[in-house]
Amino acid sequence: MSVHIEEHVVAGPDSGPYALTTGLDGALWFTLVHSGQIGRMEPGAEPTLHQLDAKCGPTIIAAGPDGALWFTEYQAHRVGRITTKGAVTEFPLPEGCAPFGIAAGQDGALWFTETGTDRIGRLTVKGQLTEFPLPVSGAFPSAITAGGDGALWFAMNQANAIGRIAVNGKGTVNGTVTVHPLPTEAAAPVGITAGPDGALWFVEIAAGQIGRISTNGKIDEFPLPDRSARPHAITSGGDGALWFTEWGANRVGRITTRGEIAVHDLPTPGSEPHGIALGPDRAIWTALETGALARVTLR
C-alpha cells in the first residue's frame, strides 16, 4: 500500500496550525496556536482565517452538536465557539485551568480537559459550566473523545493512564470517573479517538506506541517501528483503520485494528505534524505546525 501526500499552505511559518476537524458545512476547520486564529478551508479552495486574541493559544477544535465549531483557548483559559459564518463567542473558565482537549458528548454538551487543575469540564451550548475533579493530582488530562458506550474517554498524560467519565444521557449528568493505568511506565498518552472496532485508540508520545482500550478496560499496546517518533494525535479514518501523527519523526502512520502498522514520510522535512482528522473529502488531513495542512490519500 502506498500513499499520496500533498501540502496546502494556509498560514505563515510562525502561525502554528495545530488541530483540525471537519465541520457540518463540509469544510476543514483548524486552529493556529501561535497566531491566535481559527481557519476554515474547503478542499481545493483558499483558506479563510478568523482572528482571535493573538495570545489566546487556540488548541483543539471539534464540531459541536449545534452545528458550530468549538475550541479550547489554552493560554486564555476559555472555550470558544465559532459559527460556520465566522461569528465568535467565548466562554471564560476558571483562571489557570488551561483547557486543551474538547469533544461533543452524546448528551448534547461539550466536554473538555483542564490540564492545569485536574478537572474535566462540561459546557452546554448555552454556556452553563460544570466541572468534575479527577481522583489523581498532577494528571494533566489532554485529549478527550466520545466513546461508543456514551461515556467520554481521555488521556491522562502525566498520570500514565486513560480516564473515563460517565454520562447518563441527554439532560442528565453522571460524572463518575474511572482511571485505567497503562502497562508501560511513563508512556505519556496524548491523543485519543474512538475506533471503528468500538474500542478507544490512543498514542503514547513518550513510549512510541499506539494503545487500544476496550470499553471494559482491557488495554493492548503496539510498539511503533521507531520508538522515538513521538506520536501526538490519532483519528479514525474512512478505511477502517486508525491514522496518527509522528511529531518527532515527520511522518504520518496507519494502524489496522489488528495492530499492523505502516508509516509514511511527509514531503517537507521538519514540518511538525500535530492534529489529524478525516476530511470532508474522505481523505486524511494533518496540521503541520510550520504553516500547512497535508492531505493524505491511499493509492
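Each of (i) 17.4, 48; (ii) 32.1, 105; (iii) 19.2, 63 is a candidate for Rg and Dmax of the Cα atoms in Å; the one calculated from this structure is (i).
Taking 7 Å steps out from each Cα toward its Cβ at K126 and T215 produces label points 2.9 nm apart. Fraction of C-alpha pairs exceeding 13 angstrom in segment 64-139: 63 percent, rounded to a whole number. Measuring from a point 7 Å past the Cα of D226 along Cα-to-C-beta, which residues in segment 247-271 have an amide N at less than 20 Å? Residues 247-256, 260-271 fall inside that zone.
Cβ under 14 Å from L32's Cβ, L32 left aside: what net charge do those residues give with Lys, Arg +1 and Asp, Glu -1?
Summing Lys/Arg as +1 and Asp/Glu as -1 gives -3.
If one computes the Cα centroid of segment 75-107 and of segment 158-208, what distance in Å separates the two points? Computed from Cα coordinates, the inter-centre distance equals 21 Å. Among F112, F140, F132, the sequence by solvent-accessible area, most first, with a 1.4 Å probe is F140, F132, F112. Computed over the chain with a Gaussian network model linking Cα atoms closer than 10 Å, the most mobile of G39, G26, G211 is G26. Computed over protein heavy atoms with a 1.4 Å probe, the accessible surface of segment 100-200 works out to 36 Å² per residue. Between T84 and E260, the modelled label-to-label distance comes to 3.7 nm, taking each label 7 Å out from Cα in the direction of the beta carbon.
Here the spin labels are modelled as points 7 Å beyond Cα on the Cα-Cβ line, and at N174 and E95 they lie 3.6 nm apart. Rounded, prolate or oblate: which one fits segment 181-299, using the alpha carbon gyration tensor with axes a ≥ b ≥ c (rounded when a/c is under 1.5, else prolate when a/b beats b/c, else oblate)? Taking the square roots of the gyration eigenvalues as a ≥ b ≥ c, segment 181-299 is oblate. Kindly identify segment 22-159 as rounded, prolate or oblate by the Cα gyration tensor criterion: order the square roots of the eigenvalues as a ≥ b ≥ c, call it rounded if a/c is under 1.5, otherwise compare a/b with b/c, prolate if a/b is larger, else oblate. Verdict is prolate for segment 22-159. Computed over the chain, relative contact order equals 16 percent, with contacts defined as Cα pairs under 8 Å that lie 6+ residues apart.
When the square roots of the Cα gyration tensor eigenvalues are ordered a ≥ b ≥ c, the ratio a/c for segment 126-166 is 1.5 or more and a/b does not exceed b/c, which makes its shape oblate.
Centroid-to-centroid, using Cα positions, segment 220-268 and segment 1-71 are 21 Å apart.
The values are calculated or read from the model by the stated rules, or taken from the named source; none is laboratory data. The shown structure was predicted, so the numbers you read here are calculated from the model rather than taken from an experiment. We place every Cβ from the backbone using ideal geometry, glycine too, and count neighbours over all the protein chains shown. In case anyone asks, the SASA skips ligands and DNA or RNA and just uses the protein heavy atoms, side chains included. Shrake-Rupley method; radii C 1.70, N 1.55, O 1.52, S 1.80 Å.
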